[in-house]
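Every number here is computed from the coordinates shown, using simple stated rules; none is lab data. Just so you know, these numbers come straight off a predicted model, no measurement behind them. Using ideal geometry, Cβ is built from the backbone for each residue, glycine included, and neighbour counts are taken over all protein chains shown.
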């Protein structure tokens, strides 16, 4: 097992390097000049030149990349071009908000998806199945900013139940967490349903049933437990999924998180900030995938031998 | 299972936490963006400036009208030759930490602006300063290297920073720990969430009635409007015309539509071959229906522009210039006179077979600009001109403008009440300034040079009147309108000043009703 | 034929297929069906709600939303389908290279695929479009180029499996060229999972385009996609909700239909296929 872990971790290194190169290269294809954005339209030429030199924008591509990589390894992502504040500070101040929001969105997603998914599978072909599947399909097909706006208009403005935006009390979490978690939950629910259905076809479930176990016991003790394994994979895509929602939901709900930071950074061509955020999220995805793989290997020893 | 639920609950309490609600005497100001850097020498955007001007104060200021008023300076005078400016400073002004404010702070601030290492975008404006004399604690003397009419106006641009405090904090992290003399004291900044200021009990003008001032960025305009009507915020700036009309009907808010000096335009690149002929430019101006943009896109929240000087700037505006009212027939006639005849696809062609087609740069993501661009495109096509829309984000657009690599662009530009627009229209500013239009006219150059050196208002008036006449006749740009800013204030509060000059609001007079 | 029959039995998939057919017909015959000229502006009638002449109401410039949506269907569906096809092509090329040649080519391609799969697609697309500048072609190409990895993996797996089979050895021995082998023996064996993936991918692309529109990076005026009309509506969400409602519903319907069809096809063609496309 240890050997397997070491191998997987080592394999992640070239992956992260590849990601960093793409992320860094991408921002350098940009026709917009970050220095001009930083200095503003009215900046005189010598100020522009001073800023360019300070940030190393006058050096060739690869030395810029190496410079940046060397510092990134030490978690020094430089300073935000727009605000002159350290990138690490900007990220640090946003990260807790994004994590909190995502935690609640995930929790919400799981509490919707699990019971509905299992029930839909257990009562296949009944109205429970149809209703929850319909809900899932609708959830997967809705543009998230549309859902967000509808939630604000209906729940916050028309019904006057919850605040429209911003942070503050726990009430502020409900709408953005719903907007963020709903479509993920929809996908997850379908996955759970399929997975449970497949397990229910297995021999051992049939045996359990034949033994005279009650349906509920069959479901919980045998089917659900085994159905969880493929679901681990879905949890791996969770992070990537949340990222999209985070960018949009945070902007609409004025949530002070990473997604909104990224949007503003991109519009201002805040190179170092965009690079750091994308790199960070990608590394998190690598870590999540690694974790999923290790969980797999732990659950199913055959994987290790591959 | 129960234990799990309990653990979840406990965790949820920890995670939600409590950021602390604002008290009842708090005023929450809803903005479209978060602050960038509020150090007075580094101000670049409106939001940062509004926040900064509550904490720091300039020597002189505009408030409520276009008259310069005393702030940290109580009186000022200039020498006969216009080379020396003397400011008497307000006595008994204390920094928020209790230290006394002196002329050394003023000297420090302006030297900071002038220091290339500061990278202030306003440095250029103050290069005329030769030396600053702070030998008397309550008098500061600026020695200039040439007479400069707009000098006093420029003194409003930089609020004063503390010499004993700023160097130890550093400009980069100034946002965490700013120190001023103004009516509000900085308390905390949670990026993208809020900035909190508290009333300065020792303010020389008296403690403000509002105890806590919170600035909250809400980027979505529709959400900002809804937050205001729900009472989550007390003031919303930058409203859309539609939300504004909606809020106007509410008796819970007072809506403000405040005229600005800013002007919006369709700027043709005056160096581009298509726009060389004055008749062509005039025809384009006639083709555009400004009034429809104002009435229908902006819902009346703007005034038609005939140049870069707004009519509300009464001291300097010249009302007797050529206004190009919508007249497509005249436009067609002028184009025909300029040698353009209808081609097979409805687009005009000249005698060399070239089509009258150009592309215009527009910032993407701005709904109002998009709508105007579509209308302009329609109007031009009616007279046989093809205008292609090229959307891009602001950063890319600025690059193209800087390189003068464009055929036309749509933008708006903020101007100060001071009539000197040398940096925008003088031909030397094409290569070395902000003459984005590449406008060049020898007579205008000459007048702009004179206007800068002149300090007698009556003489300057004559000069700038002529500048406006020539630029209107030349169609230096296709002037569209001067927009209003739309905002709304909860009726629970009064005392909001809305600054027509495009200067920043002062919030110290706010109070609960 | 058998699969088609099985697909026809799948009621939801049939429903999806019918909806898509209808939407495509609407898009193709937009010029005949549109009640008004989609570019015709009536600024004085901005933001008016549905009426007889304008069944879906008017946008901020008084243009007919129904007509704009009919023409917008062309753009939305084209972006979806073409981006799907581009990623399919890139995926097929990359997957074939990797599977067929193996060795360092395989290593390189699969590492690249891994990199692309790890950076969240939306971030990649959003950053690239912001950088290159928003336009129909940019959106199309970038979305297409960023979602090839799933196809490549499926194809590579298929080729690796087929390479072992005796008939390939035989064909090789008879001197069949690389391309011939690929087109004759490999592709016919894996077109079904690929088509399912394209279908599901198109649904994803339509949503992605609307998210891009949200950031102002989508289809730009005077053209319109459903996503861009929806985004325009967001400014007027409180004052004129009809602008966002109809394109929002249209997007939902199309995405739903593609999802249903994809699911049905998967059931009919290959029940074991893992959901790779999303």
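Averaging the sequence gap over all C-alpha pairs within less than 8 Å and six or more residues apart, then dividing by the number of residues, gives the range B:286-395 a relative contact order of 27 percent.
Counting neighbouring beta carbons within 10 Å and listing from fewest to most, the residues B:358, C:32 come out as C:32, B:358. Computed over chain A, the Cα gyration tensor eigenvalues convert (square root of 5λ each) into semi-axes of 44, 27, 13 Å, ordered from largest to smallest. Rounded if a/c is under 1.5, else prolate if a/b is larger than b/c, else oblate: which is the range C:62-158, with a ≥ b ≥ c the root eigenvalues of its Cα gyration tensor? It comes out prolate by the Cα gyration axes.
Over all Cα atoms in the range C:97-137, the spread is summed up by Rg and Dmax: 14.1, 39 Å. Counting neighbouring beta carbons within 10 Å and listing from fewest to most, the residues C:190, A:131 come out as A:131, C:190.
Quick one: work out the % antiparallel among DSSP beta bridges in the protein assembly as shown, nearest 5.
On the way: 57 of 74 bridges.
Counting DSSP beta bridges with both partners in the protein assembly as shown, the antiparallel share is about 75 percent.
Each 5 Å bin from zero holds the following percent of Cα-Cα pairs in the range A:160-306: 2, 8, 13, 13, 14, 13, 11, 9, 7, 5, 3, 1, 0, 0. Put simply, chain B fits an ellipsoid with semi-axes of 42, 33, 20 Å; these come from the alpha carbon gyration tensor as the roots of five times its eigenvalues, largest first. The convex hull drawn around the Cα atoms of the range B:342-431, when projected onto a plane and averaged over every direction, covers 8.0 nm². Radius of gyration (Cα atoms) of the range C:137-278, expressed as a multiple of 2.2 N^0.38 Å: 1.41. Each 10 Å bin from zero up to the one holding the largest Cα-Cα distance in the protein assembly as shown carries the following percent of pairs: 2, 9, 17, 22, 20, 14, 9, 5, 2, 0, 0. Kirkwood analysis of the Cα pair distances in the range C:16-100 returns a hydrodynamic radius of 14.9 Å. Listing B:44, B:497 from fewest to most neighbouring C-beta atoms within 10 Å gives B:497, B:44. The alpha carbon convex hull volume per residue for the range B:398-513 rounds to 157 Å³. Under 12 Å from a label point set 7 Å out along the Cα-to-Cβ vector of residue A:29, no amide N atom of the range C:200-224 is found.
Counting only the Cα atoms, the range B:172-211 fills a convex hull of 66 Å³ per residue.
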